[in-house]
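The values are calculated or read from the model by the stated rules, or taken from the named source; none is laboratory data. Note that the coordinates shown come from a computational prediction; the quantities given were computed from them, not determined experimentally. We place every Cβ from the backbone using ideal geometry, glycine too, and count neighbours over all the protein chains shown. In case anyone asks, the SASA skips ligands and DNA or RNA and just uses the protein heavy atoms, side chains included. Shrake-Rupley method; radii C 1.70, N 1.55, O 1.52, S 1.80 Å.
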Amino acid sequence: MMENTWDREWIRETEKRVNARMMDMKNTGMEEKFPVSLIDMDCWEWPQGVGLYGMYRNYQMEKDPRVLEFLTAWFDRKIAEGGMERNVNTTAPMLTLTYLYEITGKETYRRFMEEWVQWMMDETGLLRAGEGCFQHMITGDPNDGEILIDTLFMAVFFLARAGKILGREELVREADYQILNHIRFLLNRETGLFCHGWNFRGNHNYGKVLWGRGNGWYTMGIMEYLEQMGTGDPLRRYFLSVFGCQARALKGYQDPETGLWHTVINNPHTYLETSASAAFLAGIMKGVRLGYLDREEFEPVIRRGIPGVLGKISEDGTVEGVSYGTPIGWNSDFYNEIVCCPITYGQAMTILLLQETRLL
């Protein structure tokens with residue numbers, strides 16, 4: 001058993017601060033760069049969706065009724081308002097809704113899930129790129145013929161959860177199909193890491209950039225996904241094999257001084273980025289805890305990485321060094337020019353890391 005050299009109560013209090021800060025992400029001093037709100041919790045979009053999941057995970061461990069009240073009030077208000085655009089990114093909040101439905105049994109939540117799933121599966125709903133892959137359509141841009149590694153966490157994992165809850169096996173199988181094909185088109189076999197995107201119109205991976213946070217969606221996300229799969233599922237072994245190859249590749253790119261990773265993983269001239277680093281560590285630590293990764297092999301990675309992320313958390317719980325929303329670019333310079341600011345998904349990924357630190 002790996003000895004925990006961090007005070008569990010201090011880590012717990014830090015997690016609570018990070019969660020509380022996420023519940024009020026206004027006044028960051030950062031101006032929005034896109035036509036939708038990415039920074040605070042007021043909008044139904046993908047950063048909020050990832051943030052909500054982090055909050056739910058905090059509630060799962062702490063059982064703080066104030067957090068559950070925040071979550072249910074948020075969804076009740078947004079569902080009542082209606083009018084949200086449906087696309088891959090706006091599907092992100094739906095993952096947390098599946099858990100809240102299990103807790104509350106609210107029929108409005110179930111109906112909303114059923115309606116959203118119907119849109120995803122309908123041929124006139126969620127757009128498909130080549131091979132039936134979910135096209136990474138976003139608010140204001142269909143991204144014609146384009147798939148991104150981000151889609152797995154934003155939409156596919158919800159589909160599988162909904163399939164389990166609604167008793168619809170075809171939804172789970174569709175989710176598996178999507179993961180398989182995103183691996184097929186996005187995995188860079190020379191490195192074991194993922195390219196950010198693939199375009200079916202030009203049959204290319206753009207600049208084959210190995211973007212940090214994009215890889216983190218798989219490292220962290222597949223560990224969450226496997227919790228839903230039965231132990232006898234034949235795809236489990238394959239998903240774990242890809243995860244293991246990715247984790248071993250990440251070892252070689254961890255910054256030796258800070259324990260963090262660069263926003264373009266294999267380019268040390270790009271800046272160190274916190275959300276990707278937190279996602280890598282959370283996924284690797286969970287993989288070690290569950291016996292999917294060798295503890296002795298990855299302990300040095302974990303020991304170097306945890307202080308690096310902890311050093312990015314300010315006194316008020318703000319996670320610093322998180323890159324802003326990032327479309328696909330053709331080269332490392334594009335990713336290196338993305339500004340950093342406090343944002344909900346950085347808070348959420350850090351929560352998952354802090355929870356794994358508590359479980360060491």
If ASN143 meets every condition in (1) assigned to a helix (DSSP H, G or I); (2) in contact with a Pro (Cβ under 9 Å, 6 or more places away or on another chain) apart from one, which number is that one?
(1)
Those residues of the range 80-96 which are open to solvent by less than 40 Å² (accessible area, probe 1.4 Å) and closer than 16 Å to VAL156 by Cα, in sequence order
ASN87, VAL88, ASN89, THR90, THR91, ALA92, PRO93, MET94, LEU95, THR96
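Just to be sure, is TRP198 hydrophobic (A, V, I, L, M, F, W, C), within 24 Å of PRO47 (Cα to Cα), out of contact with any strand residue (DSSP E or B) (no Cβ under 8 Å at 6 or more places or on another chain) and buried (at least 18 other Cβ atoms within 10 Å of the Cβ)? Spell out the reasoning first.
Numbers: hydrophobic (A, V, I, L, M, F, W, C): yes; within 24 Å of PRO47 (Cα to Cα): yes; out of contact with any strand residue (DSSP E or B) (no Cβ under 8 Å at 6 or more places or on another chain): no; buried (at least 18 other Cβ atoms within 10 Å of the Cβ): yes.
Answer is no for this residue.
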Could we say that GLY105 is farther than 25 Å from GLY214 by Cα, modelled with pLDDT of 95 or more and not acidic (Asp, Glu) here?
yes
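One line per residue, one yes/no per condition, for (1) within 21 Å of ASN58 (Cβ to Cβ); (2) modelled with pLDDT of 95 or more; (3) in contact with a Pro (Cβ under 9 Å, 6 or more places away or on another chain); (4) open to solvent by less than 30 Å² (accessible area, probe 1.4 Å):
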site	(1), (2), (3), (4)
ILE306	yes, yes, no, yes
PRO327	no, no, no, no
ASN331	no, yes, no, no
ASN336	no, yes, no, no
PRO342	yes, no, no, yes
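In the range 97-120, is there at least one residue being open to solvent by less than 60 Å² (accessible area, probe 1.4 Å), over 30 Å from ARG201 (Cβ atoms) and in a loop (DSSP other than H, G, I, E, B)? Spell out how you get there, then give the answer.
Here is the first cut: in the range 97-120, the ones open to solvent by less than 60 Å² (accessible area, probe 1.4 Å) are 97-101, 104-105, 109-110, 112-113, 116-117, 119-120.
Now narrow it down to the ones that are over 30 Å from ARG201 (Cβ atoms): 97-101, 104-105, 109-110, 112-113.
Now drop any that are not in a loop (DSSP other than H, G, I, E, B), which leaves 105.
Checking the range 97-120: at least one residue is open to solvent by less than 60 Å² (accessible area, probe 1.4 Å), over 30 Å from ARG201 (Cβ atoms) and in a loop (DSSP other than H, G, I, E, B).
When the range 114-138 is examined, which residues are found to be β-branched (Val, Ile, Thr) and in contact with a helix residue (DSSP H, G or I) (Cβ under 6 Å, 6 or more places away or on another chain)?
Looking only at the range 114-138, we keep the residues that are β-branched (Val, Ile, Thr), and these are 117, 124, 138.
VAL117, ILE138 - these are the residues of the range 114-138 that are β-branched (Val, Ile, Thr) and in contact with a helix residue (DSSP H, G or I) (Cβ under 6 Å, 6 or more places away or on another chain).
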For VAL67, state whether it is closer than 17 Å to LEU352 by Cβ and not hydroxyl-bearing (Ser, Thr, Tyr).
yes
Among the numbered criteria (1) more than 18 Å from the chain's Cα centre (by Cα); (2) open to solvent by 40 Å² or more (accessible area, probe 1.4 Å), which single criterion is violated by LEU180?
(1)
Limited to the range 154-171, what total is found for residues that are assigned to a helix (DSSP H, G or I) and open to solvent by 10 Å² or more (accessible area, probe 1.4 Å)?
6
Do we find that GLY317 is crowded, with 17+ Cβ neighbours inside 10 Å and within 18 Å of the chain's Cα centre (by Cα) in this structure?
no
Within the range 283-291, can one find any residue that is touching a residue at least 40 places away in the same chain (Cβ under 8 Å) and surrounded by fewer than 17 Cβ atoms within 10 Å (Cβ to Cβ)?
yes
Can you pull out the residues in the range 275-302 that are touching a strand residue (DSSP E or B) at 6+ places or on another chain (Cβ under 6 Å) and hydroxyl-bearing (Ser, Thr, Tyr)?
SER277
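Going through the range 80-96 one residue at a time, which ones are outside any helix (DSSP H, G or I), without any contact (Cβ under 8 Å) to a residue 24 or more places away in the chain and farther than 11 Å from PHE112 by Cβ? Break it down into steps so the answer makes sense when it comes.
The initial filter retains those residues of the range 80-96 that are outside any helix (DSSP H, G or I), namely 82-88, 92.
Within this subset, residues satisfying the condition of being without any contact (Cβ under 8 Å) to a residue 24 or more places away in the chain are 82-83.
Listed by number, the list holds a single entry, GLY83.
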Being at pLDDT 95 or above, open to solvent by 40 Å² or more (accessible area, probe 1.4 Å), in a helix (DSSP H, G or I) and under 28 Å from THR357 (Cβ atoms): is that true of ARG77 here?
no
Mind listing just one residue for me: the one in the range 211-252 that is closer than 15 Å to ILE302 by Cβ and in contact with a Leu (Cβ under 9 Å, 6 or more places away or on another chain) and, of those, most open to solvent (accessible area, probe 1.4 Å)?
ARG248
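Say whether the condition of being more than 22 Å from ILE284 (Cβ to Cβ) and either hydroxyl-bearing (Ser, Thr, Tyr) or in contact with a strand residue (DSSP E or B) (Cβ under 9 Å, 6 or more places away or on another chain) (or both) is met by at least one residue in the range 163-180.
Pass one, the range 163-180, residues more than 22 Å from ILE284 (Cβ to Cβ): 163-178, 180.
Narrowing the set further to residues that are either hydroxyl-bearing (Ser, Thr, Tyr) or in contact with a strand residue (DSSP E or B) (Cβ under 9 Å, 6 or more places away or on another chain) (or both) leaves 177-178.
Yes: one or more hits.
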